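The values are calculated or read from the model by the stated rules, or taken from the named source; none is laboratory data. Keep in mind it's a predicted model, so treat the numbers as computed, not measured. Virtual Cβ from ideal backbone geometry, glycine too; neighbours counted across all protein chains shown.
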Amino acid sequence: MKNVLVIGVGPHARRSHLPALAAGQRQGLVGTVSAVDIVTDRGAAPELDGQDVPDGLTLCLIEPFAAEVPELPRRVRRVLDALVASARVDAVVVATEPAFHMVYARWALECGLSVLVDKPLGARAHASTDPVQARAALADVDDLLERYARTRQAHPHVLVSVQAQRRYHPAFWRLRDLIADVAETTGCPVTAVQSFHSDGQWRLPDELLELDYHGYDRGYGKCAHSGYHFFDIVPWLMAAADASGKTPDTVRVHAHITRPADLLAQLTVQDYARLFNGFSARNRYTDAELEAGLHGFGDVDATISAAFTSAGRTLTLASLNLFHNGFSQRGTLTPASALYKGNGRVRQETHIVQQGPFQALHLHCLQTLPDPHATGDRHAPGGDRHIELHVFRNNRFQHAWKPYARLDHAALSTTVDGQLATPTQTSSRRRSMEEFLLYLNNRRSRHQMRSDLSTHHTAATLMAGSYLSMAHRFSGRPPEVTLPLNTPHPTTIPPMPSAKVISR
């Protein structure tokens, strides 16, 4: 059993990582679990009682430090080094605010420790307004890849895995299988991808200014939080068609965004006063104070177009529509106890993949919050577990193909290693952690890992290009940017695990 250190125990870690590590203890994969978080202005440690946390969890608090530092401050490093030694730590889970992912991952590699790092790989403050910081975010990834390669020379077993859970989702495995099948038959790559994701987070004007967890005050936002999943999944799906021999070497990116100040034009303070009784009494800010306070905040919504090219020819067109401010089921002025989850937030997600004239794939996950009094099917359209994949194939060209198939929740459920793999984000996050723990315990080989750091360079490039486009527009420069995709690091994505369709 391996001892694990979790850095950052905010809402996401308490909802995802800690329960997964507790499950790892029950499976005999995890020994002790230590945790580190910062001393906040409120002075209180994160409340962990009453939650599904690992047995014997110990929490250590450290002083906060600026995200811009390339290495951990000496006082922080002394605390962490001592904790690694005393707890005999074997691996680190980095679950902090994205701006701190890189500095902790560098430290862990210097210690010769394997790392599971939350998405995204990293983010730079003011990336949406300062082109230098946008480019630096990609340079950080290149630096981490180089450190990873050097560390593996001295510690061959060290692994850096990125928790991009859609790589662990059965519906996306099916998409890749379908794409690969057509690519092998026709030689056609993925020619177009449209991805849409909405968080359904309705934040009121004062919350836009004051909320710091998954907020916008650091000069980045949606694209550096849940948006990274889509920067990752687009090239990950494209790579399923590598049998075509047609792979891109360059990407052109153009981003349009809304910032918090734009939301105040969509719904003004006067609108809120009309919509919610008591809003005027609660609101502490004038229009001018809100406008000034929100200046330079990061992206709330983003529409990003990308062209993946090879030798100057466009192979794949992609559009990513990434929204925090979408359909929500929040309906009251008073927020829930946690603005991050449980505050009317619902996920609406679609992916449309075109493979020339041969195949079209439509994946839909369109949810609403469950009615506690309802007795209907939770997997039906609008249910909180609804998911379906529509497959269209050109059977006039290939008579053996079915012209249309619809796969629902049951059809997309599979068995992996004798366990049911359901097509949900929660179970996919669990599989990501479980794979990492199995590797630590020598029950997975490196080539079986589905989200090794070395396979994330294109996703990091797409995210950096999006922020560079935003920053260019903010500073009055032409917003289209072109970035190379060539990387000296290995990018082979391992095959999917053997999976059996569950029939019902």
- Task: Residues being closer than 24 Å to G331 by Cβ and touching a Leu at 6+ places or on another chain (Cβ under 9 Å): count how many of those fall in the stretch 278-293.
- Result: 6
- Query: Picking from T309, T303, T332, which residue would you name as being under 30 Å from V269 (Cβ atoms) and touching a Leu at 6+ places or on another chain (Cβ under 8 Å)?
  - Reply: T303
- Task: Please name all residue pairs, on different chains or six or more residues apart, with Cβ atoms under 8 Å, provided the first residue is in the stretch 56-70 and is under 15 Å from M102 (Cα atoms) and the second residue is among the acidic types (D, E) and surrounded by 14 or more Cβ atoms within 10 Å (Cβ to Cβ).
- Result: A67/E97
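Evaluate the stretch 386-395: report whether one residue or more is part of a loop (DSSP other than H, G, I, E, B), among the basic types (K, R) and over 23 Å from V4 (Cβ atoms). Outline the logic, then answer.
First pass over the stretch 386-395, keeping only residues part of a loop (DSSP other than H, G, I, E, B): 386-387, 394-395.
From what's left, among the basic types (K, R): none.
Looking for residues that are part of a loop (DSSP other than H, G, I, E, B), among the basic types (K, R) and over 23 Å from V4 (Cβ atoms), one finds none in the stretch 386-395, hence no.
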- Qualifying position, being farther than 28 Å from E146 by Cα, hydroxyl-bearing (S, T, Y) and touching a residue at least 60 places away in the same chain (Cβ under 8 Å), among S86, S16: S16
- Message: The conditions are (1) touching a strand residue (DSSP E or B) at 6+ places or on another chain (Cβ under 7 Å); (2) modelled with pLDDT of 95 or more; (3) not in a loop (DSSP other than H, G, I, E, B), and T415 fails exactly one of them. Which is it?
- Response: (2)
- Task: Run down F392, F474, F397 and say which single residue is touching a Ser or Thr at 6+ places or on another chain (Cβ under 8 Å) and not aliphatic (A, V, I, L, M).
- Result: F474
- Select from the stretch 53-99 the residues that are in a loop (DSSP other than H, G, I, E, B) and of a type in the set (D, E, K, R) and write down the one among them that is modelled with the lowest pLDDT. E68
- Query: Restricting attention to the stretch 119-150, which residues are crowded, with 23+ Cβ neighbours inside 10 Å and among the hydroxyl-bearing types (S, T, Y)?
  - Reply: S128
- Note on the structure: The number of residues in the stretch 392-441 that are within 22 Å of Q367 (Cα to Cα) and acidic (D, E) is 1
- Might you let me know whether the stretch 215-222 holds any residue that is touching a residue at least 24 places away in the same chain (Cβ under 8 Å) and assigned to a helix (DSSP H, G or I)? yes
- Criterion: part of a helix (DSSP H, G or I) and assigned by TED's automatic domain parsing to the domain that holds Q359 - qualifying residue of T151, T185: T185
